[in-house]
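The values are calculated or read from the model by the stated rules, or taken from the named source; none is laboratory data. All values reported here derive from a predicted model rather than from experimental measurement. Don't worry about glycine lacking a Cβ; one is built from the backbone with ideal geometry, like all the others, and counts go over all protein chains shown. The area values use the complete protein model at the heavy-atom level, side chains included, leaving out ligands, DNA and RNA. Shrake-Rupley method; radii C 1.70, N 1.55, O 1.52, S 1.80 Å.
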Amino acid sequence: MVDEAALKFEKSIKKQTSKRAFTAGSSFKNFLDALAHKLAILYSFPWNDPLFPTIADVLHAKEHSAWTYNNHYISIEKSMEDCRLDSESKGIPIADISLPEIMDEEQWVKLKELIIVSVQKTPNHIIPRTTNGKCTIVIPTSVFNDKTITFFKKVGVAVLLFAHEDDVVVIDEGELISSTNHESHSKRKRKKESSVISS
């Protein structure tokens, strides 16, 4: 079953953003980078690259229990023996759930599968958006199915990349390329016909 939201926004997306921004090699990998970036805010784990966390780092941390909670600190007042008030900082975990539990096991398995088909490029955790503010993810035709669409939407909400599942549009790269090529062919045809009429 094709995502109806994807079909609805596909045409407007091409008009609102550059074609380069919406390829499986960019927005798809950007989602994975954004996921790693968000999890690195919630949890502490080793990064292979000192500047950018990756999904591979996240998976390694999850599978080897090489993670801890990141804390935010609050100031707590306490009474001293001489009746003075003093304050101390107390760390409270930002996340209220463990890293392995933030996704179910089926989603972790799906994440591993998606890493295999993702392209290698400089990390970029900014997910392309339309002018309507929708996060847009273009994924390879080979993994475009209901299960993958559901994965992106549910995991994105779970780690707070977006508030609601409706805030993201998942598009088949093959359909997007085909539609773009058809549109370009139609424009060339109209231009040619116009040239013939003019002459």
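For the reader, a short list of remarks on this structure follows.
- Those residues of the range 141-173 which are farther than 20 Å from residue 36 by Cβ and in contact (Cβ under 8 Å) with a residue 60 or more places away in the chain, in sequence order: 146, 149, 166, 169, 171, 172, 173
- Selection within the range 12-53: residues that are at pLDDT 90 or above and outside any helix (DSSP H, G or I). The member of this set that is surrounded by the most Cβ atoms within 10 Å (Cβ to Cβ) is 53.
- Among the candidates 150, 136, the residue that is at pLDDT 85 or above, of a type outside the set (Lys, Arg), touching a Ser or Thr at 6+ places or on another chain (Cβ under 7 Å) and surrounded by 14 or more Cβ atoms within 10 Å (Cβ to Cβ) is uniquely 136.
- Qualifying residue in the range 60-82 (condition: out of contact with any strand residue (DSSP E or B) (no Cβ under 7 Å at 6 or more places or on another chain), among the polar types (S, T, N, Q), modelled with pLDDT of 90 or more and over 17 Å from residue 160 (Cα atoms)): yes
- Candidates 118, 98, 87, filtered to the one that is open to solvent by less than 60 Å² (accessible area, probe 1.4 Å), modelled with pLDDT under 85 and among the hydroxyl-bearing types (Ser, Thr, Tyr): 118
- Some residue of the range 158-175 being open to solvent by 50 Å² or more (accessible area, probe 1.4 Å), closer than 30 Å to residue 106 by Cα and modelled with pLDDT under 80: yes
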